Every structure is written in C-alpha cells, then in structure tokens.
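Shown next, in structure tokens, is the structure this report addresses.
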4 protein chains.
Amino acid sequence: MCTAATYQTKDFYMGRTLDYEFSYGEEITITPRYYPFHFKHGAVLEDHYAMIGMAHVAENYPLYYEGANEKGLAMAGLNFVGNAAYGHPMDDKDNIAVYELIPWLLGQCASVADVRKLVKTLNIVDTVFSPQFPNAQLHWLIADANEAITMECMKDGLHIYDNPVGVMTNNPPFDKQLFRLNDYMALSPKQPSNNFSDKLDLGSYSRGMGALGLPGDLSSSSRFVRAAFVKMNALSGNSEVESVNQVFHIMGSVEQQRGCCEVSEGHYEITIYTACMNVSKGIYYYTTYTNHQITAVDMQKENLNGEMLVRYPMLQEEKILIQN
Amino acid sequence: MCTAATYQTKDFYMGRTLDYEFSYGEEITITPRYYPFHFKHGAVLEDHYAMIGMAHVAENYPLYYEGANEKGLAMAGLNFVGNAAYGHPMDDKDNIAVYELIPWLLGQCASVADVRKLVKTLNIVDTVFSPQFPNAQLHWLIADANEAITMECMKDGLHIYDNPVGVMTNNPPFDKQLFRLNDYMALSPKQPSNNFSDKLDLGSYSRGMGALGLPGDLSSSSRFVRAAFVKMNALSGNSEVESVNQVFHIMGSVEQQRGCCEVSEGHYEITIYTACMNVSKGIYYYTTYTNHQITAVDMQKENLNGEMLVRYPMLQEEKILIQN
Amino acid sequence: MCTAATYQTKDFYMGRTLDYEFSYGEEITITPRYYPFHFKHGAVLEDHYAMIGMAHVAENYPLYYEGANEKGLAMAGLNFVGNAAYGHPMDDKDNIAVYELIPWLLGQCASVADVRKLVKTLNIVDTVFSPQFPNAQLHWLIADANEAITMECMKDGLHIYDNPVGVMTNNPPFDKQLFRLNDYMALSPKQPSNNFSDKLDLGSYSRGMGALGLPGDLSSSSRFVRAAFVKMNALSGNSEVESVNQVFHIMGSVEQQRGCCEVSEGHYEITIYTACMNVSKGIYYYTTYTNHQITAVDMQKENLNGEMLVRYPMLQEEKILIQN
Amino acid sequence: MCTAATYQTKDFYMGRTLDYEFSYGEEITITPRYYPFHFKHGAVLEDHYAMIGMAHVAENYPLYYEGANEKGLAMAGLNFVGNAAYGHPMDDKDNIAVYELIPWLLGQCASVADVRKLVKTLNIVDTVFSPQFPNAQLHWLIADANEAITMECMKDGLHIYDNPVGVMTNNPPFDKQLFRLNDYMALSPKQPSNNFSDKLDLGSYSRGMGALGLPGDLSSSSRFVRAAFVKMNALSGNSEVESVNQVFHIMGSVEQQRGCCEVSEGHYEITIYTACMNVSKGIYYYTTYTNHQITAVDMQKENLNGEMLVRYPMLQEEKILIQN
C-alpha cells in the first residue's frame, strides 16, 4: 500500500511511498502548460498549470501517481481498495475519470481552496483509460502550504476531510484513521513519568520509552499512526537539503522491507519508490528500493511552455560511492 | 542507543546503527597486520589479523565501535548503560580494558569458536584510555558466518549467550530480550486468520496485518523485537549489491528520526550512521543521517601488511544525483 | 461508562454493567400491563407488554436503564456522551423523549423485527422529564433471541446497526467499534503458533498466550474488544444457573475496580451494579459493587395485569455466608 | 495458572485465584497447634503456629495451596512449570519436600523476617508425598503486613526476591516479571494528556483512557501487569467488609472465564476458586467459579490447641438470593 505525508520548513514538501509487489514502469514526468488534456467525458484543458510527478505514461498520457504543480499545490493518490466507489457520468457535472483526477485538479487549482471550489461540480467516474488499464481504487491527499485535505469517493458520495496531520495511508476511511490517533495521545518523544504507582520504583531503562505503544507493523492503520507521530515530531533545519533529508527519514519510518509483507505465496510488497516533492519549487526527489541515493528532477529546468511531456526514467541501480 | 543485526546470503554481513545525540568524530579505519597493539595491562600484539571498522582515532589508537577482521569475524559494541560492570586487573587473567576489547578479539580470533576459547581467561577492566575518555558501558555482538553470540559483563560476571536471532540492541540484558520474543511468536508476514470467533465476519482490510502488535517505538526492547522480525523474515538476492541493499533496509526499520527521541531539553538522539560490513570480504559500507547514499571502503584495496592505520573520513554531505 | 452483552443458551440473556461514580438510587422495577404510559408529546399506552428492569423511579415514572419485556425483547441504554444528538418534535413523527424510549419500545415490540418497523416513524426528542433530570446522552442495545441491533441517534440522524457480536459499550459510534475488531481477529483462546520465524525456537511459557494483544484497560473501546472476545468464546452448560453464572463471569471481565478510573480529583468510576436478565423468562439477576451475591427478582411472580409499578430496592450489603 | 496479591487496610490481606482445568478436591483446612507434622526427611514439628488455608487433604495430611498462620504470615504456592527445579536431600540442610514447604514455614515463622532466616538452611527437595501425587512445580509469594517476598527454587539455586508490588503469577521468573512493569510506568488511572502533538486536537473520548496499553489476556505476564496496576491503584474503606470486598474485585480483574483459555481440545482453564485471607485475623474468605457469594471460615472460632485437622468443604453451589 502507500503512505503520504506533508512537511513544512521554509518550503513546502510532500513525501510519499509507493508500496506494491511489482512496478508498472514509472517515469518522472513533467507536463508543461500547453500539453493538451482531452478528458474522456468532454472537458478539455488546452493550457493549464505545469506539473511534475511520478507517472506511468501510456499512449503519451501521464497517469500520475502523485504530483505538484507550479503554484504550490500537491496531490497523491493512494490505494483505497474496497472503500473507493466511483459512479457514472451525470449531465450537470464535471465527469472526470479516476485516472484523470490529478491532471484535472493540478492543472486548474492553485490551492486547496481552489480545489474545494472545483470539486463542487465534480463527479468522479469509473471510466477506464483503456481495457488494459482498469482503474485503481484510490483516495487522495491534497495539500498546499496552508492546509491539507483528504478526498474519498465512496458509495455514500464524495467526502472532503480536513487533514490536520497531513498524513494519509490506505484503509479504513480517513475519519476512522484520524479518530484512532486519540488512542495514542499519551505517546511522546520525551521519557515517560511513573504514573503507574508512586509506591513502585519504576524507571526508564532505555531512551525512547515515551512512545511505547506506537505500532510497528506495516498495516495501513499502523503506518498512519507511526507516520503521524514521526511527522508531527520531526525536526530539521530549514535549508533545502536538510528538509529533503528529513522527509526521506520520515517516510523511512513506514518503509516496507522485502519479506515482511507477503501478499501471496512468495510475493512480497515492498516500497518500490519513495518521493519527496519540493512543492514550492517544483523539484521531485526520489529513492527506490534498489537505490538509496536521492535523485532529483527539477521542473524549472525544463521549458514549461512546451506541449510535450518531459520524461525521465526512474533510476533504480544502487549508486554506491567507492571511497578507496 | 544502537541496533546490530547479522545477515547471510552468499557472503556474511553485519549491520549496525549508531544512535546518539552527537558524534565524537568517527573515521572508517583499517588496522593492518603489523600495527602494534600495546594493551594497557601488558599484553602486546605485534602482529595480528587485519581489521576494518568505524573508530574514533585518538593518539593514533583506533577506538573501534564495530569492526570485522580478515578471517570473517565481526564484532560490534553497543551501549549497555546501567548493566555493564567491569572490574579491576587480576593476576592470572588477560586484563583487557573495555576500549581494547575489539582489537584484542578481532586481532586474534578467526571465529566465534576462537572467541569462546580466548575469553576463558579474559578479564574486562575499567581502565580508561585517558582521563578525557571515560569508558562507555557496552556489550557486544560477535558473529561469524556460523554463529552469533552476545557478550555481557555484569556485576555477576561475564555472560556469553548464544544469539540465534543475530540481533542486539541495548538494555535490558540479553536473556530478557530474547525471552520477550516469545510474546511475539504469533506475528507473521502473512495475513492473519480469524481465530477470534467463527461467528463473526472479521477480515483483513489492509495488507500487512499479520504483524499487528509489532512495537514501533525507539526503545531498545522495541527495536530488538522489530529488528528481529524484519531480519528473520528479510529476503533478498545473493549478489553483493542485493545483500548490502537489504541490510540497509533491515537497519532502516530501527532508524531514529530527529525529533522522535528527546534525551534532554532540545537534544535528540538520531541514527548518526548506519553500517553494513561484508564480513566475508572486508568491505565497510555506510550511510549517515545526513547522507542517504551508500559509501564503501574496501580493506582489500589497502596494504594489509602495513604498520600504520589507514583512515577515511565519514562522508556526511547528502549526495543528490541531479537527473536534469 | 457501561458494557452490555447478550448470551444464548437454552434461554436468551442480556447482561450489563453500569459504571459511574455515584448512584441516582435504582430499584428493580416491574411495570405491569396496565400501568399507563402518557408520553410527553401526546402518545399514550394504556396497555402494553409487561416489563422488568432497573429504573430510577421519579414521580411514579420508571426511568429505565435497561429492561426486558414478557415477549423476549431486551434493551439497554448506555452512555454515548458527545455523540448522541436528539431533536425537536416534528409533526408527522412519533416524538418520544430520550427517557421514554425503553417503555415505548418494550411496551409495544415483541421482537427486534417489531422495533425495526416502529422506529421508522420515531423521532427521539430532547424533552426532559423535569428540570431536575436533564437527559442522559445514550445509545441502545436492543436484542431478542434471534438478533441484536445498536441504535444511535446522532447529528446526522438515527442509525440502526446490525450487531452480530451482541456487545455494546460507549464511544465511539458503533461502526467504528465493530470495525476495530478486525485488528484483533488473530486472537484466540488456543495457544499461538510460531509464525515469527521457523529458525527461532519460540514457544508458550504460559497458558492463555493466544489472546496476547487483548486490551485490558477500562476505556470504552478496550472494553468492547475484551467483552466481545470473552462473550464470543464463552462456554457454559444450558441450565438456568449455569447460564446466569456465566453471564456474570462475562460481565466480570469488564468490571471497573475502585481506584482504576479517576474521573475527577478523588472520584472514581466503579461498576455500581451488574445485571443479567433472563429475557426469555423475565427474571432480573444482579450483583452490586458492594455485594458479590447474585440476587434475583422474577417478573412472573408478580401480577402482570396490575396498574401499579412493583419496586424492589437494590440490595447492596455484602452477604457473606459464615461457614463456621 | 494463578494470581496472588496482597492488600493492606486496617488489616493485612492476601488474595489468590486458583486457575486450572479441574479440581483435586479442596477443603478449607485449619491445622491447630498440636497437629504433628512429621516431615519426610526427619524434621518434626510437634507444636507450631496454627494455620488456615485451602488444602487437598490426603491421608490426613494438609497439602496446602495457600494459607495464613495465627501470627500474621501468609504464603501461596503458584505454578512455575518449566522453571521450578528441586534437588536431592543434603546432609547439612533442612530437607523439606515441595509439598511440605507451606506447613514448614507457616508453622515456625511469625514474619517474613523469620522466613528469611529459616530458609538459609533450607533445601527444597523433590521427594513426593506418594506415587499418586507427583510434586507440582511451584514458586511462592510470602508476605506479612510489612513486606512481601517471592521465593523461587531453580536450577541455579534458591532465589529470594523482594516483592514491592505484592503480586505474583506464574512464568517467567519474578525478576523478569518485575522488570516488565517499567514498560507500563506511563499508565495511569487518570486521563492522559496530549503528548503526541500540540498541533493536533486529540482528546479523551472515553473515561479510563489513561491505562490504554494495559494487557487484557490471560497469560501469566499479562495477568501480572494487570493485577499490579489494579492492586497498586485500588482504593477502599478500612473496614473488614470493605477490605474483603475490594480484594475480590482486585482478584476479579484476572479471573479466567470458561472458554477463553483452551488448554487441550475442549478443555478450558477457569478460576476454580478465589480466596481472600484476612491474615491479621485468620479468616479465610472464598468464592468459586460456580458460586459468586463470598463464604467465610474463621480460624479463631475453632480450638487452635487441638491435634486434629478441622476441615470445611468448599461450597460450590451458586447461592442466589430470591428477592420476590
């Protein structure tokens, strides 16, 4: 499954892991302003905000997993299997297929406030990109430097939740996830006090005991609590390199190691890639399971007034620096 | 605090994290065969096995944190504060100061079997390297491709424990740590069955629910359980790069993120560096908190018949690959 | 707070604990068929099913906490503070005040199926019994031998949930509570297997390790999981005494001991009384915090065709049998 | 298995549960001062302190499970399977068989201080009462109004541990059990604070959330933590009835319900009986799984200068008070 988290220093960042048992073939993809989006149910965006993100490109179309636009809005789609439900086209709605949602919103919205307005007429539909690409069941974390929201389309309609923690994983629905944090409110980066009994001589035998009770497994609800704790307590300097570095450490706390999550006999989910987007500047940083070094693609180095997708392969080979 | 773990594919590896709130200044240090060790209480090793590891070098002496020798034996010292107890020199013993223990053993022992013999006359003493360097309170993970042991010197004497899991952290003593794993025996990388009640329709709403209950905090006992689960279930290919890659993923599961473990007002323990030693070949790989890229130093590229320490600085600057 | 649970052997039972820091003065109260209920907003029941339960009687009106009627339907009201929301009278509805709900439903419904029909026109209103008696914020467990439901009236309307586990506590809303059970599906009354690693010699050092992870605190969500586990796995003979005995053991698993739940400086919530209703036969059994002996009041021993409440004081003095 | 706990108000109390899948046939048994104890390996007590407790009486010999003597010393034997180890008779020792230990100590010691002295020459031996009665593997909680100790005889000798919590269960050895309490030091009867993040609006949705993390299963280590928390925080009045009442509530927190602990196919461990001894006065109170009413036997009502055991059957029939 996946985890996403926002982070704010001088700039605004969004991190995400993509956890799965195989890859569809992803590329870091920049969509410049004049690449035309012809949406399945008629809408057209001939010009729009430029965006960068990870995408599977099929028939020259960027199927984005997550992305950020030039205005400082970011968005990530994460699995929401069994809860996501999309409908059929309706006459008086903006009918947007699931796979079109990231371009639709990042192309037009400069902020979460814009998103809130645009989704009022939104109808997310189950139309497929092609018979070979059934739609994923997704929900979305959408954030700018001011706020974050979670968007979930379920049988009972579209839910827009304020997301004060700026973290999202997968099932269950976001209101259940957020509520569960109350159970962990006593956890702390500081050492615990002895509340058990003042007649017993209890004490800390290790550093880090203030967060005893934090879940360590890879299920979506445990990753949510753990990522929330790490993100809310994370500290770093304000510089670009310090911020990016820390986002990768935050995301590392919910990484999936090969062998620890068996999804079928002999098949294991792993963190295929981890991304950190500098949303303020349009820089996409990533590591992969097979390569620990951070690699960066900067949207501003490309001609954003173009019409053609700019694509960079995901570098996957472990780049080890040989010191002697 | 710290975590260490062994890993076996085609070669034998030992990983470790060093967690602390500041660094003493470490260097990757190779001690060639003819560097003379003059131990404080009289013992001398004019020639010995060559070794590589991370050390603080003071007055040309390598204060090793962990290391591996050319025979395939590795050893790591980890904090054991409050439990470690060292004695005074005794007449009929090999009196070795705490800080001398790694060279003493790696210099003379080709295997854990050799260690078991040599420690029969060992007396670990509290003699300091110099007034500026009080001894750390440590215990040790010692391992070769065949077996691992934990060595703990406490008030009631020297304990040598078989370590079937090949993992060690800090407090409490190792027998307590190992016993605690029984409480987690039901955890699995596979999805759980419904044992609660066959009259209730319970099911997995997320992948990875088989390990619900695995602790996620940074205390030493929680890191022990988590590292043990990840290490025992970890899977990778046999090649050097796949093995090294996986060791860093294993160690990543117990990494300490800045902000999550406050040790005093405004001071935080972090994973200063993470190491992976190919013990079979004498290659030392490491990352630092500030640099995600793996860096390597290979003992075999140096003249192991020398008399002088070979030292490489720990590279700490984030090496980001700029892809465009 | 409180816990309620159903239990089925030859007869059908409902148990409940009432947890609070003080008592309003309760009596075991039988309402015979011709006691007239004049509901605040106009409805009248001149004759109805007879019922028995625990009630605070004010101005000759039985303010029931829980009860069972002569047809085999039982109902318990439990605290639902912060989530319960009641409305104002509406023209085309059966406007029933919170405190009237138990008589309204037990008086007219012979089964949960009847309840499902009757509540279609129900509007639970916030009208108070008297200025001295502000309404409690409640939700209800309603059950017969065939099925159980949870009824919750919240800001977004009236929710009727199937309750397959037959257990209810307090916050959060029932759908969240029921969903949480999925996290505990691996728990079992049987000993666990070693799923952690087949290379480690892990084993059970105690009986009862299959349910490690079951929460033991007194919060409502922990009591829900614990009571669900105990109830779903509980076993007893079919006789009246064996069944009643076992219901008190089930409820004992969520009892609140004085001192363990401080609600304000020096004030502690305790299990004021525990009830077990034989719903099939109309017998009300109870213990109190101060008296371990079970006391019974049998509805069938009274004239159910009367017009007057039949009231028995709650016996609270510890009845110790002196054997010598 | 079993749990024992001390409790102090005006008088001193010891409670215990006996958990097992069947009963050997127990009786409340008073041993007066002149009942002669002829120990297997030669020691004889022609006169001794009188004692009361639960025993299986075989060949007119009281095989005590727990007991208290007229001087205010109490002692309970609890299962310690796999860890207990007893030896062979030795020349210069008081060789006492396992089953003789309670009479040996309660017969001669007026206090824990006396016990500490007497055990200096004690050698607990594995001699059986008879071929039909193999020795149980036990350890003991021994306490007076001033202090409590745990006594464990293992392969490495006899261990006497100070027991500041006054609670004991079964495996693992007591030092491990006591150490584990450090992991629960943050638990409290009070509501938790929000330490997770001051930027999140987390709060208590239920009373009793301060002890979230307290284990609720029936394993010996979980019962130890739970009984310790309940006992250390328990509050009651000072009177006899209030004190006895509260001890039964404390012990109720670790009761084993039928169906929740399967020890072999279709066989379940339950709390066969629960005892509360007023150690100061020599009164033995008990309930059984099948009878919730407290029954009492008072040693002082018997002739303590006798030579014959005084035996009372364990009353097991549920005594329900019929109120109408």
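The values are calculated or read from the model by the stated rules, or taken from the named source; none is laboratory data. Quick caveat, the model's predicted, so the values are computed rather than measured. Don't worry about glycine lacking a Cβ; one is built from the backbone with ideal geometry, like all the others, and counts go over all protein chains shown. Each accessible area value is taken on the protein alone, full model and side chains, heavy atoms only, with ligands, DNA and RNA left out. Shrake-Rupley method; radii C 1.70, N 1.55, O 1.52, S 1.80 Å.
Look through D:His88, D:His48 and report the one residue that is touching a Gly at 6+ places or on another chain (Cβ under 6 Å) and farther than 30 Å from D:Thr290 by Cβ. D:His48 is the lone residue from the list that is touching a Gly at 6+ places or on another chain (Cβ under 6 Å) and farther than 30 Å from D:Thr290 by Cβ.
Only a single criterion out of (1) more than 13 Å from chain B (Cβ to nearest Cβ); (2) in contact with a Gly (Cβ under 7 Å, 6 or more places away or on another chain); (3) over 23 Å from C:Leu214 (Cα atoms) is not satisfied by A:Pro164, namely (2).
Going through (1) of a type outside the set (Lys, Arg); (2) in contact with a strand residue (DSSP E or B) (Cβ under 6 Å, 6 or more places away or on another chain); (3) within 23 Å of A:Gly157 (Cα to Cα) one by one, A:Glu26 falls short only on (3). If you go through the stretch D:171-195 and keep only what is touching a residue at least 12 places away in the same chain (Cβ under 8 Å), aliphatic (A, V, I, L, M) and at the interface with chain A (Cβ under 7 Å from one of its Cβ atoms), you end up with D:Leu181, D:Ala186, D:Leu187. Checking the condition within 30 Å of D:His267 (Cα to Cα) and touching a strand residue (DSSP E or B) at 6+ places or on another chain (Cβ under 9 Å), which residue from D:Pro36, D:Pro32, D:Pro62, D:Pro89 passes? Just a single option satisfies the conditions, and that option is D:Pro62.
Suppose we filter D:Asn123, D:Asn170 for residues that are touching a helix residue (DSSP H, G or I) at 6+ places or on another chain (Cβ under 7 Å), of a type in the set (S, T, N, Q) and under 24 Å from D:Gly82 (Cβ atoms); which single one remains? Within the list D:Asn123, D:Asn170, the selection yields D:Asn170. Among residues that are more than 7 Å from chain B (Cβ to nearest Cβ), among the aliphatic types (A, V, I, L, M) and touching a Cys at 6+ places or on another chain (Cβ under 8 Å), A:Met251 is included.
Scanning the stretch B:286-296 finds no residues that are closer than 30 Å to D:Phe179 by Cα and either touching a strand residue (DSSP E or B) at 6+ places or on another chain (Cβ under 7 Å) or surrounded by 23 or more Cβ atoms within 10 Å (Cβ to Cβ) (or both).
Please work out which residue is nearest to the other protein chains (Cβ to nearest Cβ), limiting yourself to the stretch A:201-247 and to residues that are in a helix (DSSP H, G or I) and among the hydroxyl-bearing types (Ser, Thr, Tyr). Top of the filtered list is A:Ser220. Screening the stretch C:125-152 for residues that are open to solvent by less than 50 Å² (accessible area, probe 1.4 Å) and over 19 Å from the mean Cα position of the chain (by Cα) and picking the one that is nearest to C:Asn95 (Cα to Cα) gives C:Val125. When we screen B:Met308, B:Met299 for residues that are touching a residue at least 60 places away in the same chain (Cβ under 8 Å), open to solvent by 40 Å² or more (accessible area, probe 1.4 Å) and of a type in the set (A, V, I, L, M), the only hit is B:Met308. Taking the residues in the stretch D:282-324 that are of a type in the set (Val, Ile, Thr) and not in a strand (DSSP E or B) as candidates, determine which candidate is farthest from D:Pro62 (Cα to Cα). Residue satisfying both the conditions and the ranking: D:Ile320. Among the residues examined, B:Ser111 qualifies as touching a residue at least 40 places away in the same chain (Cβ under 8 Å), farther than 20 Å from B:Leu309 by Cβ and not basic (Lys, Arg).
The residues in the stretch D:217-240 that are more than 16 Å from D:Arg16 (Cα to Cα) and either open to solvent by 10 Å² or more (accessible area, probe 1.4 Å) or touching a residue at least 24 places away in the same chain (Cβ under 8 Å) (or both) can be counted, and the count is 7.
Among the residues making up the stretch D:165-200, those that are within 22 Å of A:Phe229 (Cβ to Cβ), under 28 Å from the mean Cα position of the chain (by Cα) and assigned to a loop (DSSP other than H, G, I, E, B) are D:Met185, D:Ala186, D:Leu187, D:Ser188. Could you go through the stretch B:252-273 and let me know if any residue there is in contact (Cβ under 8 Å) with a residue 40 or more places away in the chain, open to solvent by less than 10 Å² (accessible area, probe 1.4 Å), over 21 Å from A:Ser188 (Cα atoms) and not in a helix (DSSP H, G or I). Yes, the stretch B:252-273 contains a residue that is in contact (Cβ under 8 Å) with a residue 40 or more places away in the chain, open to solvent by less than 10 Å² (accessible area, probe 1.4 Å), over 21 Å from A:Ser188 (Cα atoms) and not in a helix (DSSP H, G or I). Restricting B:Gly282, B:Gly259 to those that are on the phi > 0 side of the Ramachandran plot, more than 10 Å from chain A (Cβ to nearest Cβ) and not charged (D, E, K, R) reduces the list to B:Gly282.
Residues that are facing another protein chain (nearest Cβ under 7 Å), out of contact with any Phe, Trp or Tyr (no Cβ under 7 Å at 6 or more places or on another chain) and not acidic (Asp, Glu) within the stretch C:286-314 comprise C:Thr290, C:Gln293, C:Lys301, C:Tyr312, listed in sequence order.
Among the candidates C:Ile160, C:Ile142, C:Ile96, the residue that is over 22 Å from C:Arg33 (Cα atoms) and not charged (D, E, K, R) is uniquely C:Ile160.
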